[in-house]
Protein chains: 2
Amino acid sequence: MIQTKVLLDESEIPTHWYNVVSDFPNPPAPPLGPDGQPIGPEALAPLFPMALIEQEVSAERWIEIPEEVREIYQMWRPSPLYRAHRLEKALGTPAKIFYKYEGVSPAGSHKPNTAVAQAYYNKQAGITKLTTETGAGQWGCSLALAGQMFGIDVRVFMVKVSYDQKPFRRSMMRTWGADVFASPSNLTNAGRSILADDPDSPGSLGIAISEAVEEAASRDDTNYALGSVLNHVLLHQTVIGQEAQKQFASIGEYPDMIFAPCGGGSNFGGVAFPFFADKAAGKDVRLVAVEPTSCPTLTRGHYAYDFGDTLGMTPLLLQYTLGHDFIPPSIHAGGLRYHGDSALVSQMYKEGLIEAVAVPQIATFEAGVTFARSEGIVPAPESNHAIRAVIDEALRCKESAEEKTLFFNLSGHGHFDMASYDKYFAGELVDYEYPEEEIERALHNLPKVAVG
Amino acid sequence: MIQTKVLLDESEIPTHWYNVVSDFPNPPAPPLGPDGQPIGPEALAPLFPMALIEQEVSAERWIEIPEEVREIYQMWRPSPLYRAHRLEKALGTPAKIFYKYEGVSPAGSHKPNTAVAQAYYNKQAGITKLTTETGAGQWGCSLALAGQMFGIDVRVFMVKVSYDQKPFRRSMMRTWGADVFASPSNLTNAGRSILADDPDSPGSLGIAISEAVEEAASRDDTNYALGSVLNHVLLHQTVIGQEAQKQFASIGEYPDMIFAPCGGGSNFGGVAFPFFADKAAGKDVRLVAVEPTSCPTLTRGHYAYDFGDTLGMTPLLLQYTLGHDFIPPSIHAGGLRYHGDSALVSQMYKEGLIEAVAVPQIATFEAGVTFARSEGIVPAPESNHAIRAVIDEALRCKESAEEKTLFFNLSGHGHFDMASYDKYFAGELVDYEYPEEEIERALHNLPKVAVG
């Protein structure tokens, strides 16, 4: 019997999150306020508890995971590391392929790793309500689950077109006790002003963020939670890579290349950052962020200070960006439709510490089907981006007869994304290329701030 | 850190299936042909490979699991045993509650345990196509996955109303390469004759079975596969209970009562049969089959020879039945809508070796939501039946201050059943009671065969 899964005992759930900043050759650039001056922690206090703000700016290498958070992690962690024997055979590649499967969480993706931590620290700070936005609903589900575990009411502003067309993640949020509102809603000034202009507005992630932030900022008992981009979010996800390191060590293997989808960066950071610690210590490992050609933030964007949201309400972060007013095409990997990227991931790419590649939509679904037919699990559309890049590399290894060890993060299952597979089989998916003229336009529209 | 999950290494996947007949005090009654005479193996040969027919009638205690089947089991087995700490706390019960989670399979339920075995034996027998029927699609998905693993084409006749209304399990079957047809179809005489009478027929499981059986019986390269009821199907599911025995032993616990949903019997048999071996050897353990009040086969049915299908095409099996022409109400636990029950489970109930209880629909969803809000996982509607019975027992333990150890099979997740949770929250679910007059009617319509 050849081993397929590498499991860890619950007692091996990491005890600390790893802070990648501690291994940076250069310190991160500070976030800026609307006046172009660096902002302090107090600027974030209306939205986040101080414990998370401290993590956001921390340079400490290890941050202890509270016992209460690890107890919730026990529901699904440690997640299994799989050797993809059948995929290797289907490809005829000499490469070894491994994947970490985060779809085992109750919400079906890696997102609860940070949702649980955020709910915990808010609870500790006396917060009784959390607001957030969600598109297709992966993040909203994760926060609903986390809020339920700590007795925090969760209020989710769900983009109206998804609220209407994708009802089942909405149902799941309600099953976990969250209140879900179609955004734009009548509950906020932001929502009401949009509805006044256009009562039939389909909504957008940008609008939903504005509604969630407005509610959180205007109530003392209410905070806001974000599912990616911010430093503390990526920090919480490092349990993925740390477990993988132990799992590889237990079988005497080590990856040559690591792949993860990259939208806001929490998926990529979660799996890649702990291995970057090895790389910083001299280990030879390549870290590859995979993004859609329709929203090629790292590979085609500008490295500049920009807003995190569409309306320009957030602090400015130094990041790769396609411009905060860029609306990515409606690809099915909703989690990768983000104009910007994590400041940490952006800096690492800028400094040549990591790599990035962009892949087109149809090819990602082709890869996902190949994976499902060999490994069984039907992947989320976001995860299909990593699978595409891994298969491409495995086929290169076949050409060159290289026995590389490839590793990727299978960040979630596709149980709530089957309509997109239907479109793939029906030949109805479209590949979008980022238009050349957008590059100039984005540069022109960036906020006017000198890059440090 | 208090232990939540009990895991086993892949090397502990059972090597043999356990045949419960070997512990029966009385031998099982034989299946009968249309003439009322016992049938031999040859009567089943047009539909099943000889290896499965031999398992169907075997009295051997242990039947070896082929290496190739165990290799596929490695994709998700051994499945975890959970201690439901949070559910216990939410109920305030002194009872200990454990559950085995079978939703970790790629298809999301326990069904692949037998689908994989059936696909393997058919492949060995040179069969290149398998036909089957499916309602909501859980079984069709499992056979699609299994067929893909062994290079067998799978043709699924899906009840038309589900085909139209529940597209996502259909998408999943296609992702695993199966051909899915709305039944009644134009592909078979059975389908054409129904369509001739009613071009808008919504279909039924009975019609879909007729179509699948007709295709299999009329082609040498094609066999038929069934997801429950038959002895060999329940046999394959005994990996569940065997793993649970090892898991309990590893933590020094043993269940006082075991609960599982019971429709055709494969869910209940899979978890309960291996523990029946302990019971037969003198161990004090109660085995409880949980069925819906709308389809109370064991608790209200007749113990008699009856057909397995609606149209009366199958051999006669001695079983608890509500009459083969009974159409169960459209409850959301589609897997429990079956007029009859496994002959093995039926005999055990008749002889007082196991117990049964019926629970109403709305209360099962209430239990499922309580479970999801404490344990995280959103359960399948079928699984909610077991959860209801376990919660009821845990609350009795609270009254009586008994520290019983309760164990149930969480047979699958509810990711494809969220519409039924929506109906629960909207107050649109209905409780059906089996009408008293049906009992007489069913008795009147039973085939006229003397019970041995």
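The values are calculated or read from the model by the stated rules, or taken from the named source; none is laboratory data. Quick caveat: nothing in here was measured; it's all calculated off a predicted structure. Cβ sites come from the backbone with ideal geometry, for glycine too, and all protein chains shown count toward neighbours. Each accessible area value is taken on the protein alone, full model and side chains, heavy atoms only, with ligands, DNA and RNA left out. Shrake-Rupley method; radii C 1.70, N 1.55, O 1.52, S 1.80 Å.
A 1.4 Å probe, protein heavy atoms only, puts the accessible area of A:Asp9 near 80 Å². Partner shielding of A:7-16 amounts to 2, given as the average count of beta-carbon atoms from other chains within 10 Å of each residue beta-carbon.
Across chain B, C-alpha contacts under 8 Å between residues 6 or more apart give a mean separation that, scaled by the residue count, equals a relative contact order of 18 percent.
Listed values for the stretch A:127-132 are Karplus-derived 3J(HN,Hα) couplings in whole Hz (6.51 cos²θ - 1.76 cosθ + 1.60, θ = phi - 60°), namely 6, 10, 9, 10, 10, 7, and x replaces Gly and Pro. Listed by chain and number, the lysines whose C-alpha is less than 22 Å from the C-alpha of A:Lys398, apart from same-chain residues fewer than 8 away, are A:Lys89, A:Lys96. Taking a Cβ cut-off of under 14 Å around A:Trp139, the surrounding Lys, Arg, Asp and Glu residues balance to a net charge of +3, with basic ones at +1 and acidic ones at -1.
Computed from Cα positions, the angle between helix B:112-124 and the longest principal axis of chain B comes to roughly 40 degrees. Efficiency by 1/(1 + (r/R0)^6): what FRET value for A:Glu12 and A:Glu403, r their Cβ-Cβ distance, R0 = 30 Å, to the nearest 0.05? E between A:Glu12 and A:Glu403, to the nearest 0.05, is 0.60. From helices alone, chain B scores -12000 deg cm²/dmol at 222 nm; the rule is -39500 (n - 2.57) for each run of n ≥ 4 DSSP H residues, then divide by the residue total. Set the Förster radius R0 to 60 Å, insert the Cβ-Cβ distance between B:Glu54 and A:Ala280 as r into 1/(1 + (r/R0)^6), and round the FRET efficiency to 0.05. That pair, B:Glu54 with A:Ala280, gives E of 0.50.
The amide H of A:Gly412, built 1.01 Å from its N in the peptide plane, has A:Glu102, A:Gly103, A:Ala380, A:Ser383 as neighbours under 5 Å, considering only residues 5 or more places off or on other chains.
The separation of the stretch B:307-331 from the stretch B:13-58, counted between C-alpha centres, amounts to 19 Å.
Exactly which GluC sites (Glu not before Pro) in the stretch A:1-96 are in a DSSP loop and have at most 14 other Cβ atoms within 10 Å? Answer by residue number: A:Glu60.
For chain B, a crude dipole built from +1 on the beta carbon of Lys and Arg and -1 on the beta carbon of Asp and Glu, taken about the Cα centre, is about 960 debye to the nearest 20. Phi angles of the stretch B:363-368 translate, via the Karplus equation with coefficients 6.51, -1.76, 1.60 and θ = phi - 60°, into HN-Hα couplings of 5, 5, 6, 4, 5, x Hz per residue; Gly and Pro are given as x. Under a model in which nothing but the beta-carbon of Lys, Arg (+1) and Asp, Glu (-1) is charged, the stretch A:245-336 shows a dipole of about 160 debye around its Cα centre.
If you put +1 on each Lys and Arg Cβ and -1 on each Asp and Glu Cβ, how big is the dipole of the protein assembly as shown around its Cα centre, in Debye rounded to 20?
Dipole magnitude for the protein assembly as shown comes out near 720 debye.
Positive contributions from Lys and Arg (+1) and negative ones from Asp and Glu (-1), summed over other residues with Cβ under 9 Å from the Cβ of B:Phe416, come out at +1.
Which order do A:Lys350, A:Lys123 take when ranked by solvent-accessible area (1.4 Å probe, heavy atoms of all protein chains), largest first?
On the way: A:Lys350 115, A:Lys123 90 Å².
Per-residue accessible area, sorted high to low, gives A:Lys350, A:Lys123.
Per-residue 3J(HN,Hα) values for the stretch B:4-13, derived from phi via the Karplus relation 6.51 cos²θ - 1.76 cosθ + 1.60 with θ = phi - 60°, read 10, 10, 10, 9, 10, 6, 4, 5, 9, 4 Hz in sequence order (x marks Gly and Pro). Dividing the mean sequence gap of close Cα pairs (under 8 Å, 6+ apart) by how many residues the stretch B:354-452 holds gives a relative contact order of 31 percent. The aspartates and glutamates within cross-link reach of B:Lys404, meaning a Cα-to-Cα straight distance under 15 Å and a gap of 8 or more places when in the same chain, are B:Glu88, B:Glu253, B:Asp256, B:Asp284, B:Asp392, B:Glu393. Spatial offset of the stretch A:109-134 relative to the stretch B:402-432 amounts to 26 Å, using the alpha carbon center of each. Of the residues B:Ile391, B:Tyr421, B:Ala343, the one whose Cα sits farthest toward the positive end of the charge dipole of the stretch B:328-452, with +1 on the Cβ of Lys and Arg and -1 on the Cβ of Asp and Glu, is B:Ala343. In this calculation the C-beta distance from A:Ala426 to A:Asn186 is compared with R0 = 41 Å, giving a FRET efficiency of 0.65.
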